[in-house]
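Undergrad: Structure in structure tokens, see below.
Read the figures in this text as sums done on the coordinates, not as results from a lab. As the structure is a prediction and not an experimental result, all values here were calculated from the model. Don't worry about glycine lacking a Cβ; one is built from the backbone with ideal geometry, like all the others, and counts go over all protein chains shown.
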Amino acid sequence: MTETNPTLADILAARRVLRGVADATPMVPSPHLSKAAGQDFFLKLENMQPIGAFKLRGALNAVMALPADTPGVTCCSTGNHGRGVAYAARERGMRAVICMSALVPQAKIDGVRALGAEVRICGQSQDDALAESQRLVKAEGLVEISPFDDPRVIAGQGTIGLEMMEARPDLSTILVPLSGGGLAAGVALAAKAINPAVHVIGITMDRGAAMHASIAAGHPVEVEEVPSLADSLGGGIGLKNRLSFPICARLLDDTILVTEEEIYHAMQVLFYEDRIVAEGACVVGIAALLAGKLPPLAGPVATIITGRNLDMAMFHRIMAGEDITLGAVTVKGRRYGP
Ligand SMILES: *Cc1c(COP(=O)(O)O)cnc(C)c1O
């Protein structure tokens, strides 16, 4: 493992670490989305992981590598990484302190607590949560596990790309929900090591798209963090980003932005057509397809259903077609149907 760039060998090693805890998930075809895409369209079901999200892979790979006398682990999180770290720490009998901002939905906070981790709510942004996590490293000797800028986390998430290419070696395009870029970096490393011609496209919401803005600028930049239906995609990439930014800048073929209305509609499509309950963060690839924002597709395409840890009251309201208020903006509701 180099500190600069995880390799296919690191991703294969991660798969052995994960075995029995975060196992391979199914990749299933979506008839409705295949019709919309004009190509076979697959869904990689990471919502079926034990914590309801893919982040268990990276967290487990990082926590399992720590020495047994580690006093504990800490992280900042929009919810799912904290759940992954909490689960991994419990596997090892280690203390875990998860720092989250007040923007994180209650369902995600409850999920972390239910795994026996301590929770600190700090400030209004991922940066505030990160500051508390870094204070705990100095004050209590805990080890910080970055949600995305860590070679073992990236290698862990990369096992998803490995499984996707093994299931369908003919994939032409992989649509990856994009936030800090640990998932996109790992998936792109794995997929392109297997087939350099496969296209990997990062997709995120148009409000607070930190990686998209950073790639455009050529260096990590800060963006304002605002509430979104894709709350798991919130937060910056870190001005001192070492790994996920350069890997995404080098390996992503494109980044695409979608609106809150497009996310809202895609959540309805995934539920009513494929009967899958998923977070707003998962459907950004589907939203881009349905909004006609994808480049021409040359063959089978797949996206990753990254997690299912959403507020169910909010989910019911979206499925019923009600308006959703997110801070200063209202997403206009629309009933699903022809
Ligand atoms: C963390 C997360 C993402 C994005 O992963 P990054 O590695 O931060 O880009 C996407 N979807 C869900 C559900 C997540 O929890």
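Undergrad: List the GluC sites (Glu not before Pro) within the stretch 1-91 that fall in a DSSP loop (any state other than H, G, I, E or B) and whose Cβ has at most 11 other Cβ atoms within 10 Å.
TA: Counting only loop positions with at most 11 other Cβ atoms within 10 Å, the GluC sites (Glu not before Pro) in the stretch 1-91 are Glu3.
Undergrad: Still on this model: Top mean-square fluctuation among Gly218, Gly234, Gly156, Gaussian network model of the chain, C-alpha springs under 10 Å?
TA: Greatest mean-square fluctuation among the candidates belongs to Gly218.
Undergrad: While we're here: Using 0.36 nm times the number of residues separating Asp254 and Ala65, minus their current alpha carbon distance, what extension gain do you get?
TA: In short, 64.8 nm is gained.
Undergrad: I would also like to ask the following. Work out the P(r) tail for the chain: percent of alpha carbon pairs separated by more than 25 Å, whole number.
TA: Details: 26190 of 56953 pairs.
For the chain, the share of Cα pairs beyond 25 Å comes to 46 percent.
Undergrad: Taking R0 as 30 Å, what FRET efficiency do you get between Val28 and Met312 from their Cβ-Cβ distance, rounded to the nearest 0.05? Mind dumping the intermediate values first?
TA: Values: r = 23 Å, r/R0 = 0.76.
For Val28 and Met312, the calculated efficiency is 0.85.
Undergrad: I've got another one for you. Modelling each spin label as a point 7 Å along the Cα-to-Cβ direction, I'd like the Glu91/Gln134 distance in nm, to one decimal.
TA: In this crude spin-label approximation the distance works out to 2.8 nm.
Undergrad: Rank the residues Tyr264, Tyr272, Tyr336, Tyr87 as a footprinting-exposure proxy: fewest other Cβ atoms within 10 Å of their Cβ go first. Write out the running numbers ahead of the final one.
TA: Details: Tyr264 22, Tyr272 13, Tyr336 16, Tyr87 25.
Ordered by Cβ neighbours within 10 Å, fewest first: Tyr272, Tyr336, Tyr264, Tyr87.
Undergrad: Something else about it: Determine the distance separating the Cα centre of the stretch 242-299 from the Cα centre of the stretch 6-63; give it in Å without decimals.
TA: If you average the Cα positions of each part, the centres end up 16 Å apart.
Undergrad: Sticking with this structure for a sec: For the stretch 55-144, what is the convex hull volume of the alpha-carbon atoms per residue, in Å³?
TA: 72 Å³
Undergrad: Further question on the same structure: Mean residue ellipticity at 222 nm from the helices of the chain, using -39,500 (n - 2.57) per DSSP H segment of n ≥ 4 over the full residue count, to the nearest 500 deg cm²/dmol?
TA: -12500 deg cm²/dmol
Undergrad: For the stretch 236-311, taking Cα atoms only, what is the radius of gyration to one decimal and the Dmax to the nearest whole Å?
TA: 14.3, 42
Undergrad: Have a look at Ile263, Ile121, Ile11 and tell me which one the Gaussian network model of the chain (Cα, springs below 10 Å) gives the largest fluctuation.
TA: Its mean-square fluctuation being the largest, the pick is Ile121.
Undergrad: Return the tail of the calculated pair distribution for the stretch 1-118, meaning the percent of Cα-Cα pairs more than 22 Å apart.
TA: Above the 22 Å cut-off, the stretch 1-118 has 44 percent of its Cα pairs.
Undergrad: Which residues in the stretch 51-79 have a backbone N closer than 19 Å to a point placed 7 Å from the Cα of Arg16 along the Cα-to-Cβ line?
TA: Answer for this model: 57-68.
Undergrad: Report the FRET efficiency, 1/(1 + (r/R0)^6), for Thr7 and Arg275, where r is their Cβ-Cβ distance and R0 is 35 Å, rounded to 0.05.
TA: E between Thr7 and Arg275, to the nearest 0.05, is 0.40.
Undergrad: Related question: Considering only Gly158, Gly186, Gly321, give the residue with the highest GNM mean-square fluctuation for the chain, with springs between Cα atoms whenever their separation is below 10 Å.
TA: Gly321
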